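Step one of this worksheet: look at the structure below.
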Amino acid sequence: MEAVNVLTHPQIPGEPTQTSTTLLEKATATIQGFGPVNKIHQHLCAFHFYGHDMTRQVEAHHFCGHQNEEFRQCLIYDRPDDDGRLIGIEYLVSEELFLTLPDEEKRFWHSHEFEVKSGVLFMPGVPGPIQRQDLEKVAKTYGKVFHFWQVDRGDSLPLGIPQVMMALTRDGQLYENLAQDVENRYNISFAKERENRAYMTGPAHGIHPMANGGGKGLQTVLREVECKPAGVDHSAARVFV
Amino acid sequence: MASSDENPGAMPPGDGSVPPGKPMTVGQHIIDKGAQMMQSLKPMKKMSQHVCTFAIYSHDMTRQIHTHHYVTRLNQDFLQCAVYDSDDSSARLIGVEYIISGGIFESLSPEEQKLWHSHAHEIKSGLWVNPRVPEMVVRPELENLAKTYGKFWCTWQTDRGDKLPMGPPALMMSPQELDLGIVKLDLVKKRDDKYNISTEALKTARAELAVPEAERINPQADYWKQHGKGFAIEVESTEMKKITAFP
């Protein structure tokens with residue numbers, strides 16, 4: 001079975017950027033501070049699939065920064081280019097932090113052991129021995145991913161509600177054509193890298209049974225709700241405008 | 001489990017830092033620096049604006065937050081923002097906002113439009129600012145941005161004390177001129193003091209900005225105004241459609 005190749009996706013609607021806008025943004029880019037973004041030091045490429053549907057798979061380019069040794073936060077793009085679309089967010093935590101989460105919350109998080117050991121998760125442009133120093137740590141972590149833009153179904157805009165995403169946990173899940181596409185583009189071999197990573201180990205306590213959706217699919221649903229808690233008095237709001 | 005849950009469950013223990021965790025080792029710093037030198041990180045370089053503003057949880061409009069958006073423009077009508085809870089290097093990544101022109105907004109289905117908010121009031125009232133940029137430099141763009149609509153998902157509710165990102169994303173709304181949309185004075189003052197600006201003064205300066213009047217804003221946006229309702233995301237366990245075993 002073949003998956004959709006999202007690299008032939010539709011254009012985002014809209015006019016080309018006007019010169020005046022570009023000039024202004026060159027100015028703002030120069031004058032302003034980008035502290036939080038400057039912390040992003042790493043590009044990781046991997047695949048996600050929808051938490052309720054393994055047949056829909058997406059190549060995911062993660063741009064990650066460390067908050068500390070045990071926590072990373074990543075912006076996910078559909079491609080690592082100037083015009084890459086920001087499609088989601090991933091958080092990575094150490095096994096220690098993961099174990100402090102309530103069981104209900106653990107379901108959202110997926111294990112990274114297989115992705116890393118199979119060679120499929122990699123750092124474009126970074127030589128193997130250097131990558132492995134970091135990836136051997138990643139193999140023990142858990143990740144939580146939401147996608148907001150369903151590029152694999154051809155959406156030219158981020159429509160609908162956030163989707164819980166999951167990651168590869170065993171052979172036979174990833175579509176061959178998606179894998180080969182990445183291998184060709186980056187001139188790498190997942191199989192070769194798998195051999196190099198055979199020494200790596202996953203979480204010390206094994207993969208937690210509540211992780212990876214607790215073994216079930218996870219689907220988000222939109223609910224219309226009250227916009228304020230009941231019984232709260234707003235008549236005394238301090239007027240600003 | 002829903003984005004509107006009052007209590008996300010027991011909080012991870014620790015020294016109180018958000019998120020908890022050991023400090024980065026020297027070894028990790030070196031790996032990071034090495035990677036950074038070898039990788040081009042192009043999408044980061046395309047971030048061209050820092051916007052500081054405010055947002056409100058759609059399922060509980062008593063909760064208002066101060067946000068920092070790092071904005072990338074993909075074309076004249078579309079921007080995508082990484083949203084953080086502060087502007088320093090230890091800031092937490094709390095969500096993503098997409099911004100579209102009025103024209104694109106009109107092309108969306110009414111069901112989709114309900115998830116979006118307008119920016120006219122936020123900009124005209126001086127709440128939305130580009131720190132460090134002189135007002136006159138940014139003025140021409142403010143008129144364009146005032147006609148846009150935004151869709152903002154918050155993935156980490158740090159304002160209620162979550163030490164780690166818990167639960168599903170929450171839908172956010174924008175400040176508006178009445179009722180639940182009015183940003184609390186002390187929140188604005190705190191921001192103003194930090195950046196040594198006056199939102200009041202900006203509001204006066206922007207009085208002549210041509211922004212859509214309330215009647216010209218699509219009534220499906222800012223859904224709570226006409227309908228008194230917000231939105232929450234719930235997550236349900238279901239059978240996963242599979243190719244092979246999982247996990």
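Taking the range B:56-85 as the range and being under 10 Å from the mean Cα position of the chain (by Cα), open to solvent by 10 Å² or more (accessible area, probe 1.4 Å) and within 7 Å of chain A (Cβ to nearest Cβ) as the test, no residue passes. Among all positions in the range A:155-163, there is at least one residue which is open to solvent by 30 Å² or more (accessible area, probe 1.4 Å) and either among the aliphatic types (A, V, I, L, M) or modelled with pLDDT of 95 or more (or both). Within the bounds of the range A:126-137, is there any residue that is over 20 Å from A:Ala204 (Cβ atoms) and under 15 Å from the mean Cα position of the chain (by Cα)? The answer is no, given that none of the residues of the range A:126-137 is over 20 Å from A:Ala204 (Cβ atoms) and under 15 Å from the mean Cα position of the chain (by Cα). Among the residues of the range A:191-201, at least one is surrounded by 16 or more Cβ atoms within 10 Å (Cβ to Cβ), in contact (Cβ under 8 Å) with a residue 24 or more places away in the chain and touching a strand residue (DSSP E or B) at 6+ places or on another chain (Cβ under 8 Å). Are any of the residues in the range A:220-235 touching a residue at least 40 places away in the same chain (Cβ under 8 Å) and buried (at least 18 other Cβ atoms within 10 Å of the Cβ)? For the range A:220-235, residues touching a residue at least 40 places away in the same chain (Cβ under 8 Å) and buried (at least 18 other Cβ atoms within 10 Å of the Cβ): present.
Would you confirm whether any residue within the range B:86-97 is touching a residue at least 24 places away in the same chain (Cβ under 8 Å), facing chain A (nearest Cβ under 9 Å) and open to solvent by 20 Å² or more (accessible area, probe 1.4 Å)? Looking through the range B:86-97, at least one residue is touching a residue at least 24 places away in the same chain (Cβ under 8 Å), facing chain A (nearest Cβ under 9 Å) and open to solvent by 20 Å² or more (accessible area, probe 1.4 Å). Going by the conditions given, is A:Phe122 closer than 22 Å to A:Arg194 by Cα, aromatic (Phe, Trp, Tyr) and at the interface with chain B (Cβ under 10 Å from one of its Cβ atoms)? Criteria not met by A:Phe122. Determine, yes or no, whether A:Glu105 is more than 7 Å from every other protein chain (Cβ to nearest Cβ), among the acidic types (Asp, Glu) and touching a Gly at 6+ places or on another chain (Cβ under 7 Å). Criteria not met by A:Glu105. If you go through the range A:67-85 and keep only what is surrounded by fewer than 22 Cβ atoms within 10 Å (Cβ to Cβ) and part of a strand (DSSP E or B), you end up with just A:Asn68.
The values are calculated or read from the model by the stated rules, or taken from the named source; none is laboratory data. Since we're looking at a predicted model, the values are computed, not measured. For neighbour counting, all protein chains shown are included, and Cβ atoms are generated from backbone atoms with ideal geometry for every residue, glycine included. When the accessible area is computed, the model is the full protein with side chains, heavy atoms only, and any ligands, DNA or RNA have been set aside. Shrake-Rupley method; radii C 1.70, N 1.55, O 1.52, S 1.80 Å.
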